[in-house]
Amino acid sequence: MTAPDHPILLCHDCGAPHALPPVSPGHRAECHRCGAVLRHFRTGGLGQAVALAIASTILFVTANLFPILTFELEGRAQTATLLSGSVALWDGGYEVLGVLVFFVLFLAPLAQVLGTLYVVMPLAAGRTAAPGAAWTFRTVARLRRWAMAEVFLLGLIVAYVKLSDLAELEPGASLAALVAFILVQVWGEASLSPFEVWERIAPQTRVTQAAAADPERLTACHDCHQVVAGSDGACPRCGARLHHRKPNSLPRGWALISAATILYIPANLLPIMTVVYFGAGQPDTILSGVEALIAAEMWPVALLVFFASITVPVLKLIGLAYLLWTVQRGSPKRQRDRTRLYRLIEGVGRWSMVDIFMISLLAALVQLGAIATIHAEIGAVAFAAVVIITMLASESFDPRLIWDAPPRRAQRQDSSMIDAHD
Ligand SMILES: [Zn+2]
Ligand SMILES: [Zn+2]
């Protein structure tokens with residue numbers, strides 16, 4: 001386990017110690033215990049990452065310069081840019097939603113591309129890391145889940161389908177730029193190895209042989225994965241606070257799940273938006289929106305909205321409660337499956353924002369005075385809160401707790417824990 005040539009690393013999902021040799025082309029290294037990908041060979045190198053980050057920046061600016069959709073009805077036209085939805089929500093009296101959409105659709109993606117460029121450009125040129133590179137790269141990684149351009153695109157498709165019955169819709173130049181931005185972002189992420197970037201910012205300092213012999217006492221930095229003996233103070237590489245496990249994972253998780261469960265009720269009972277068409281209209285709840293799509297025989301979109309807005313939040317809440325409960329009981333069963341469940345919950349959470357983006361676009365596009373208007377309603381705030389709070393709950397959960405021996409019963413269950421690993 002402690003081959004002297006390779007630095008020790010701890011699996012980010014289960015905490016198992018590994019001494020990994022470099023990963024060869026076309027291969028990846030997986031954790032033997034939980035199956036997490038520890039290292040992935042990236043072909044592109046830092047030069048390609050810089051090129052893609054520059055392309056991303058240009059595409060993101062272009063995506064914000066021109067209209068994204070134009071809506072025409074009864075000879076009147078209304079255009080929306082990427083940020084119109086945020087402005088419409090703010091103007092409609094839902095400032096908190098306006099700020100949320102601005103953050104996930106503009107600030108977070110922009111900070112991601114610019115932050116990556118700032119960190120990777122000097123490294124690719126063979127120079128030393130830029131000032132504050134560690135802090136910047138850490139922040140970029142933490143912002144990843146909050147940058148939701150691709151979820152917005154899905155919201156745009158739903159808005160398009162909903163409006164296509166009502167009126168003429170014209171895609172704008174910025175829509176193509178947005179799609180290209182999303183694709184280049186995915187490509188950029190697939191070609192950049194965070195491990196390599198961290199090694200270039202500052203090579204990992206190795207723990208001593210004596211410390212490596214006792215992996216229980218080792219702590220891995222949550223942000224840069226530097227392994228340290230003990231669990232106090234700041235990470236010597238990136239400066240983040242070190243914790244052996246995320247602090248207060250269980251009480252925080254329970255508190256957030258409870259809050260989201262309570263808010264889920266008004267999110268579904270109260271209207272999320274009102275559509276007024278030639279003076280007549282009524283408020284829509286999430287469910288009545290799905291029913292309207294079914295009535296219009298738009299099955300794929302109806303299923304998509306039902307899944308993203310109704311099923312996913314419930315499954316997330318049940319899944320997280322199950323994880324917290326089994327960890328609390330110190331259950332040694334199905335650890336690998338529970339770790340998979342955690343990854344699934346982490347991955348799907350953001351997609352529930354589809355309805356919020358859809359409302360923001362409709363509110364921006366359909367402002368045609370006496371002919372037709374659409375505006376957000378209070379249910380949308382409750383629903384957005386459910387999505388954000390469940391995302392925070394899964395973020396605060398530490399999957400390594402699934403694999404930790406329960407403190408009081410550790411001795412008794414040690415043998416069964418080992419049996420249950422595979
Ligand atoms: Zn693992
Ligand atoms: Zn660190």
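The values are calculated or read from the model by the stated rules, or taken from the named source; none is laboratory data. On a predicted model such as this, the values are computed, not experimentally measured, just so you know. For neighbour counting, all protein chains shown are included, and Cβ atoms are generated from backbone atoms with ideal geometry for every residue, glycine included. Areas reflect the complete protein model, heavy atoms only, side chains present, ligands, DNA and RNA absent. Shrake-Rupley method; radii C 1.70, N 1.55, O 1.52, S 1.80 Å.
Quick check on Arg28: is it within 24 Å of Gln204 (Cβ to Cβ) and surrounded by 17 or more Cβ atoms within 10 Å (Cβ to Cβ)?
no
What's the number of the only condition in (1) open to solvent by 40 Å² or more (accessible area, probe 1.4 Å); (2) within 16 Å of ligand 1 (Cβ to nearest atom) that Val87 fails to meet?
(2)
Checking Gly26 against (1) under 25 Å from the mean Cα position of the chain (by Cα); (2) more than 16 Å from ligand 2 (Cβ to nearest atom): exactly one of these is not met. Which one?
(1)
For every residue, the table says whether it meets (1) open to solvent by 30 Å² or more (accessible area, probe 1.4 Å); (2) free of Cβ contacts under 8 Å to residues at least 24 places away in the same chain; (3) closer than 27 Å to Leu105 by Cα.
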residue: Ile318; (1), (2), (3): yes, yes, no
residue: Leu324; (1), (2), (3): no, no, no
residue: Arg338; (1), (2), (3): no, no, no
residue: Leu344; (1), (2), (3): yes, no, yes
residue: Met358; (1), (2), (3): no, no, yes
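Which of the residues that make up the range 119-138 are among the polar types (S, T, N, Q) and buried (at least 16 other Cβ atoms within 10 Å of the Cβ)?
Thr136
Across the range 38-58, which residue is farthest from ligand 2 (Cβ to nearest atom) among those that are within 19 Å of Leu183 (Cβ to Cβ) and open to solvent by less than 40 Å² (accessible area, probe 1.4 Å)?
Ala55
Which one is farthest from ligand 2 (Cβ to nearest atom) among residues in the range 222-249 that are of a type in the set (A, V, I, L, M) and open to solvent by 40 Å² or more (accessible area, probe 1.4 Å)?
Ala229
Return yes when Ile294 is away from ligand 1 (no atom under 16 Å from the Cβ), closer than 25 Å to Thr390 by Cα and at pLDDT 90 or above and no when it is not.
Values: away from ligand 1 (no atom under 16 Å from the Cβ): yes; closer than 25 Å to Thr390 by Cα: no; at pLDDT 90 or above: yes.
Against the criterion (away from ligand 1 (no atom under 16 Å from the Cβ), closer than 25 Å to Thr390 by Cα and at pLDDT 90 or above), Ile294 does not qualify.
With respect to Thr219, determine if the residue is more than 9 Å from ligand 2 (Cβ to nearest atom), touching a Leu at 6+ places or on another chain (Cβ under 6 Å) and not hydrophobic (A, V, I, L, M, F, W, C).
yes
Could you pull out every one of the strands (runs of 3 or more DSSP E) wholly within the range 31-84 that has 1 or more residues that are under 28 Å from Pro21 (Cβ atoms) and touching a residue at least 12 places away in the same chain (Cβ under 8 Å)?
Fully inside the range 31-84 and qualifying: 37-40.
For the range 376-422, how many residues are open to solvent by 20 Å² or more (accessible area, probe 1.4 Å), at pLDDT 90 or above and not hydrophobic (A, V, I, L, M, F, W, C)? Steps first, answer last, please.
Going through the range 376-422, the residues open to solvent by 20 Å² or more (accessible area, probe 1.4 Å) turn out to be 377-378, 381, 385, 388-389, 392, 395, 401, 404-405, 407-416, 418-422.
Filter once more, keeping what is at pLDDT 90 or above: 377-378, 381, 385, 388-389, 392, 395, 401.
Narrowing the set further to residues that are not hydrophobic (A, V, I, L, M, F, W, C) leaves 377, 395.
Residues that pass the stated criteria total 2.
Being surrounded by fewer than 22 Cβ atoms within 10 Å (Cβ to Cβ) and outside any strand (DSSP E or B) is the filter here; which residues of the range 360-375 pass it?
Selection gives Leu368, Gly369, Ala370, Ile371.
Do you know which residues across the range 324-359 are outside any helix (DSSP H, G or I) and of a type outside the set (Gly, Ala, Ser)?
Within the range 324-359, Pro332, Lys333, Arg334 qualify.
Given Glu150, Glu170, which one is open to solvent by 30 Å² or more (accessible area, probe 1.4 Å) and in a helix (DSSP H, G or I)?
Residue meeting the stated conditions: Glu150.
Go through the residues of the range 267-276 one by one and say whether even a single one is farther than 30 Å from Pro131 by Cβ, modelled with pLDDT under 90, away from ligand 1 (no atom under 16 Å from the Cβ) and over 21 Å from the mean Cα position of the chain (by Cα).
Scanning the range 267-276 turns up at least one residue that is farther than 30 Å from Pro131 by Cβ, modelled with pLDDT under 90, away from ligand 1 (no atom under 16 Å from the Cβ) and over 21 Å from the mean Cα position of the chain (by Cα).
Is there any pair linking a residue in the range 152-176 that is closer than 17 Å to Ser84 by Cα to one that is in a helix (DSSP H, G or I) and among the polar types (S, T, N, Q), with Cβ under 8 Å and at least six apart or on different chains, and which?
Going by the 8 Å Cβ cut-off, the qualifying pairs are Gly155/Ser360; Ala173/Thr62; Ser174/Thr62; Ser174/Asn64.
What are the residues in the range 191-218 that are open to solvent by 50 Å² or more (accessible area, probe 1.4 Å) and hydroxyl-bearing (Ser, Thr, Tyr), if any?
Thr205, Thr208
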